[in-house]
Amino acid sequence: MACIVMKFGGTSVGNCELIKNVARHVKTEIDQGNKVVVVVSAMSGITDSLIDYCKQISPMPDICEYDAVIATGEQVTAGLLAIALQELNIPTRSWAGWQIPIKTDGIHGKARVESIITTELEQLMAIGYVSVVAGFQGISSDNRVTTLGRGGSDTSALAIAVAIKADRCDIYTDVDGIYTADPRIVFRARKLNKITYEEMLELASLGAKVLQTRSIEIAMKYLVRVQVLSSFVDSVGTLICNEDEIVEKELVSGVTYNRDEAKITLIGVADCPGVAASIFGPLNDANINVDMIVQNVSDDNIHADVTFTVSKSDLDFAIKVLNKKQKDLNYERLLSDSNVSKISIIGSGMRSHSGVALKMFKTLAEKSINIQVISTSEIKVSVLISEEYTELAIRALHSAYGLDI
Ligand code: ASP
Ligand code: MG
């Protein structure tokens, strides 16, 4: 007998038939003698509509009321799934975040879970009840409904899994696992049986939208085994686990990309202490996230060029912020290019092998793809290239690292 948190994403609960299908998945676990807590997302498209309603009434809605509105999508699903489970004679009840309560900080729109009182959940579980919890939401210390950021139901599920010491957290979605590359681009991509927390964290922060990044951080910190699987097909998914559970470590486990990058170059900034801080300080104040950064070595010891990337949607704003600071920063010219994408290879095997990055550079060179910026971490190499070569680069790298089926 295991204690499992089952989380169902928006497409898995997209209509009433699908909600009934989800109820059958829950029943399968119950019939096997497992204890289950379910966490649900809003039905697909609902959160977007709720956001749209707020924006129709005010371009800058009060953030507390905004959360009060957008948290409701998950409550609808929780209630509907509870009804569907009752139809299958499974004792159940639904929960809004505040009823449990799932306590969060007061940062509306991207609140963080602080604690979860599990007494009632555990009592119900002990007598064979299934609790269906509305994901994505919590309550702040001043008694307001908060939400955890887009995709936040994953984080609700992992936080609950930690709190009730679940043996596993199953994330049901519309893909049947984590792939070596986006199967829409690489037809020969294959599903990974296992992937490490670290690799998954890199994948998620690079834009693979299967899981909210925060949820993986929680899983990694508390070593919760997470399984990603489809609610539509019956097949084993991908297990996200600790490195020591994976015997055969892949050199490279996946090739991923992010088209949402734009490049800014400041030509001729002063080459002296404090300059980087004076460039990135104002961007930070303006809430603009900077991703890759390179500064070249100046040949005159007076001037240097700094290149960095921001998301495409932040580009215009970032340019405005930097133009405003032109006098202080005293750069010669600002160049920008939104026609770029970032390609990354990820693999924990990289840590103990050399030549992995070199292979990437050679592979791209063979395809005459120019590398504009490079950044690395222990288990990742990323390059910035012209956007039009995105697919070509991904496919070439996927083959080069032997990932094709
Ligand atoms: N419904 C929320 C969203 O669309 C949270 C989630 O689905 O995880 O972002
Ligand atoms: Mg999601």
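The values are calculated or read from the model by the stated rules, or taken from the named source; none is laboratory data. In this text, all values refer to a predicted model and were calculated from it rather than measured experimentally. Please note: Cβ atoms are built from the backbone with ideal geometry, for glycine as well, and neighbour counts cover all protein chains shown. Surface areas here come from the heavy atoms of the whole protein model, side chains and all, with no ligands, DNA or RNA. Shrake-Rupley method; radii C 1.70, N 1.55, O 1.52, S 1.80 Å.
Annotation: per residue accessible area for region 1-63 equals 48 Å², rounded to a whole number [probe 1.4 Å, protein chains only].
Measuring from centroid to centroid over Cα atoms, what is the spacing of region 332-382 and region 220-294 in Å? Centre-to-centre distance over Cα atoms comes out at 13 Å. Dipole check for region 356-405: with +1 at the C-beta of Lys and Arg, -1 at the C-beta of Asp and Glu, and the Cα centre as origin, the magnitude is about 180 Debye. How big is the gap, in Å, between the Cα center of region 27-77 and the Cα center of region 101-170? Cα centroid of region 27-77 versus Cα centroid of region 101-170: 13 Å apart. In whole percent, how big is the carbon plus sulfur part of the accessible area of region 11-82, probe 1.4 Å, protein atoms only? Reported share for carbon and sulfur atoms: 58 percent. Straight-line cross-link reach from residue 324 at under 18 Å between alpha-carbon atoms covers these aspartates and glutamates, not counting any fewer than eight positions away in the same chain: 285, 314, 316, 332.
Each listed q (0.09, 0.13, 0.15 Å⁻¹) maps to a log10 I(q)/I(0) for the chain from the Debye sum over equal C-alpha point scatterers, namely -0.63, -1.16, -1.34.
For the options 377, 298, 344, a Gaussian network treatment of the chain with springs between C-alpha atoms closer than 10 Å singles out 298 as fluctuating the most.
Taking all protein chains as they are arranged and a probe of 1.4 Å, the heavy atoms of residue 401 leave approximately 30 Å² accessible to solvent. Checking every one of the GluC sites (Glu not before Pro) in region 211-306 against DSSP loop status and a limit of 13 other Cβ atoms within 10 Å picks out 248.
Taking the protein heavy atoms of region 88-138 in the context of the full set of protein chains, the accessible area attributed to carbon and sulfur is 51 percent at 1.4 Å. Over the chain, what relative contact order in percent results from Cα pairs under 8 Å that are six or more residues apart? Rounded, it is 14 percent for the chain. The length gained by stretching the chain between residue 236 and residue 375 to full extension, at 0.36 nm per residue less their Cα-Cα distance, is 46.6 nm. Summed over qualifying helices (DSSP H, 4 residues or more, each -39500 (n - 2.57)) and divided by its residue number, the chain shows a 222 nm mean residue ellipticity of -10000 deg cm²/dmol. Under the combined filter of DSSP loop state and at most 10 neighbouring Cβ atoms within 10 Å, region 135-206 retains these trypsin sites (Lys or Arg not before Pro): 184.
With a 1.4 Å probe and every protein chain kept in, tell me what percent of the accessible surface of region 239-324 is carbon plus sulfur. Intermediate results must be reported in sequence, preceding the final value.
On the way: 2200 of 4480 Å².
Here it works out to 49 percent.
Positive contributions from Lys and Arg (+1) and negative ones from Asp and Glu (-1), summed over other residues with Cβ under 12 Å from the Cβ of residue 209, come out at -3.
Would region 1-156 count as rounded, prolate or oblate if I go by the C-alpha gyration tensor, calling it rounded below 1.5 in a/c and otherwise prolate when a/b exceeds b/c, oblate otherwise? In terms of gyration-tensor shape, oblate.
Rounded to the nearest 20, the Cβ-based charge dipole of the chain about its Cα centre (Lys and Arg +1, Asp and Glu -1) stands at 380 debye.
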